[in-house]
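S.K.: Encoded as structure tokens, here's the structure I'll be asking about.
The values are calculated or read from the model by the stated rules, or taken from the named source; none is laboratory data. This one's a predicted model, so the numbers in the text were calculated from it and none came from an experiment. Here the Cβ positions follow ideal geometry from the backbone for every residue, glycine too, while neighbour counts run over all protein chains shown. When the accessible area is computed, the model is the full protein with side chains, heavy atoms only, and any ligands, DNA or RNA have been set aside. Shrake-Rupley method; radii C 1.70, N 1.55, O 1.52, S 1.80 Å.
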Amino acid sequence: MPAYKNNLEVLIKQDTKQGMGLIDHEQTDTFHMWKFRGGSTTIYEENSVYFESNDTKSNKKILLKVNKQTNQYEIILSVTQPTFIVVKDIKSSSGSEYPIVVNSIIRLGRVEYRVFEERNIQMEILHAPIKHQDCQQINDINKIYQCRFCFMEGNQSRDQLFLTNICKCAGNSQAVHLECMRYWVDSNITREETQFGLSLKWKKQHECTICKESLPIRVQFENEYFDLFTLERPELQYILVENVNREKNVCCEIYLIHALLQDNIKLGRGFQCDIKAQDITVSRHHATIKLSKSNFVIEDNKSRFGTLVSINQKCEIDCAACGFQIGKLLINLNQQDQILKGAPSTQHKLTQLPQISKQLEEDEPQMDDDSFQLENK
Ligand SMILES: [Zn+2]
Ligand SMILES: [Zn+2]
């Protein structure tokens, strides 16, 4: 049993500047700061002030709860905002890296990537949940649909799937064959083989040409997932990542990253990067994706606005220090003596209150972090 510090240091910093809704990680010294030390403790927020208490205060909003257990700290984050791990603040025996798995949302400045599919080391394929239930389960099997592309008619069936409400088009132009749609979407994609797998890039916005509604990239029918584009999966461990245009909430790029990647994958604005993001809030070489102990992980490369990964429901980090970003707040947890003495690090078991994980699944994280006014909550 590793010896561990009785007191976990909790540091809360608040960025009060208005701006793009991003936190400039090079400026955090100027932020408002609160510091707490405690074994088991709860930190409450009241307006924009944080205070610590060992008593339960049911009328106050919990920001963070630390439960000291036999050989680990359990950390419960209670917020109504999406919570992200600040990758560079992780200090563990394997450095500062964080696994990216199905459903992870990765933010580099304003640019957002989502892992929507994963084949894990056990070769199971895992899908991120889909909001678009686009080929609905059809109760009325006698209903005849007509494809708006090829004008052929038919019933909804597994071999001849009609998409029925992927955009706002109604009436005769409502239904379209999945196959016809895929043919059309493929013609709008540039494919390129890369050292890590494959990249697919949309030439024009992925939207309906008639009603201009953003289109999904996948649909679900009877618990099965279907892509609206053609992509053969390799018979090895991989992740599928989409780059989401956050203004329109539509996919503009897809990357297949497989476990035979030849080199670490550089993400950033610079021309030397494998995954390029043309946005001023992205550093030239912002982050790196690599394989670490058979997991795909991401590392930050001293980026200005940080590399953030959403916290999934099941989240355990074996580390001596870690940090979270919630809106305009940074929360750092530290037990640095662990590192200095070289003792095995204590596990921080990170869990979330149910409503948070629910929110992460249901809601898109919003960009307008500026609206995160503590006073209004
Ligand atoms: Zn058709
Ligand atoms: Zn439409």
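S.K.: Would the stretch 262-277 turn up any residue that is under 22 Å from the mean Cα position of the chain (by Cα), more than 16 Å from ligand 2 (Cβ to nearest atom) and within 28 Å of residue 173 (Cβ to Cβ)?
M.R.: No, there is no match, as no residue in the stretch 262-277 is under 22 Å from the mean Cα position of the chain (by Cα), more than 16 Å from ligand 2 (Cβ to nearest atom) and within 28 Å of residue 173 (Cβ to Cβ).
S.K.: Would a scan of the stretch 229-236 turn up a residue that is under 18 Å from residue 166 (Cα atoms) and modelled with pLDDT of 95 or more?
M.R.: So far as the stretch 229-236 goes, yes, one or more of its residues are under 18 Å from residue 166 (Cα atoms) and modelled with pLDDT of 95 or more.
S.K.: What strands (runs of 3 or more DSSP E) lie completely within the stretch 62-140 and have 2 or more residues being at pLDDT 95 or above?
M.R.: It comes to 105-108, 111-119, 125-127.
S.K.: If you go through the stretch 172-190 one residue at a time, how many are surrounded by 14 or more Cβ atoms within 10 Å (Cβ to Cβ), more than 10 Å from ligand 1 (Cβ to nearest atom) and part of a strand (DSSP E or B)?
M.R.: 1
S.K.: Separate question: What single numbered condition from (1) within 13 Å of ligand 2 (Cβ to nearest atom); (2) not β-branched (Val, Ile, Thr); (3) not in a loop (DSSP other than H, G, I, E, B) fails to hold for residue 226?
M.R.: (1)
S.K.: Output yes when any residue across the stretch 117-133 is within 16 Å of ligand 2 (Cβ to nearest atom) and not polar (S, T, N, Q), and no when none is.
M.R.: Scanning the stretch 117-133, I find at least one residue that is within 16 Å of ligand 2 (Cβ to nearest atom) and not polar (S, T, N, Q), so the answer is yes.
S.K.: Right, here's the next one. Would you pick out the residues in the stretch 201-216 that are modelled with pLDDT of 95 or more and open to solvent by less than 20 Å² (accessible area, probe 1.4 Å)?
M.R.: 206 - this is the single residue of the stretch 201-216 that is modelled with pLDDT of 95 or more and open to solvent by less than 20 Å² (accessible area, probe 1.4 Å).
S.K.: In the stretch 145-160, what residues are touching a His at 6+ places or on another chain (Cβ under 9 Å), open to solvent by 40 Å² or more (accessible area, probe 1.4 Å), away from ligand 2 (no atom under 16 Å from the Cβ) and farther than 17 Å from residue 220 by Cα?
M.R.: 150, 152
S.K.: Another question about this same structure. If we scan the stretch 163-183, do we find a residue that is of a type outside the set (Val, Ile, Thr), in contact (Cβ under 8 Å) with a residue 60 or more places away in the chain and more than 15 Å from ligand 2 (Cβ to nearest atom)?
M.R.: Looking through the stretch 163-183, none of the residues is of a type outside the set (Val, Ile, Thr), in contact (Cβ under 8 Å) with a residue 60 or more places away in the chain and more than 15 Å from ligand 2 (Cβ to nearest atom).
S.K.: Next question. Residue check: is residue 188 under 19 Å from residue 149 (Cα atoms) and without any contact (Cβ under 8 Å) to a residue 40 or more places away in the chain?
M.R.: Against the criterion (under 19 Å from residue 149 (Cα atoms) and without any contact (Cβ under 8 Å) to a residue 40 or more places away in the chain), residue 188 qualifies.
S.K.: Let me ask something else. Under 9 Å by Cβ, and 6 or more places apart or on different chains, what pairs join a residue from the stretch 136-160 that is hydroxyl-bearing (Ser, Thr, Tyr) with one that is within 10 Å of ligand 1 (Cβ to nearest atom) and at pLDDT 85 or above?
M.R.: What qualifies is 145/153; 145/154; 145/162; 145/175; 145/176; 145/177.
S.K.: Is it the case that residue 198 is within 23 Å of the chain's Cα centre (by Cα), in contact (Cβ under 8 Å) with a residue 24 or more places away in the chain, outside any loop (DSSP other than H, G, I, E, B) and surrounded by 11 or more Cβ atoms within 10 Å (Cβ to Cβ)?
M.R.: Spelling it out, residue 198 is indeed within 23 Å of the chain's Cα centre (by Cα), in contact (Cβ under 8 Å) with a residue 24 or more places away in the chain, outside any loop (DSSP other than H, G, I, E, B) and surrounded by 11 or more Cβ atoms within 10 Å (Cβ to Cβ).
S.K.: Of all residues in the stretch 217-233 being under 27 Å from residue 289 (Cα atoms) and open to solvent by 30 Å² or more (accessible area, probe 1.4 Å), which is farthest from ligand 1 (Cβ to nearest atom)?
M.R.: The qualifying residue farthest from ligand 1 (Cβ to nearest atom) is 233.
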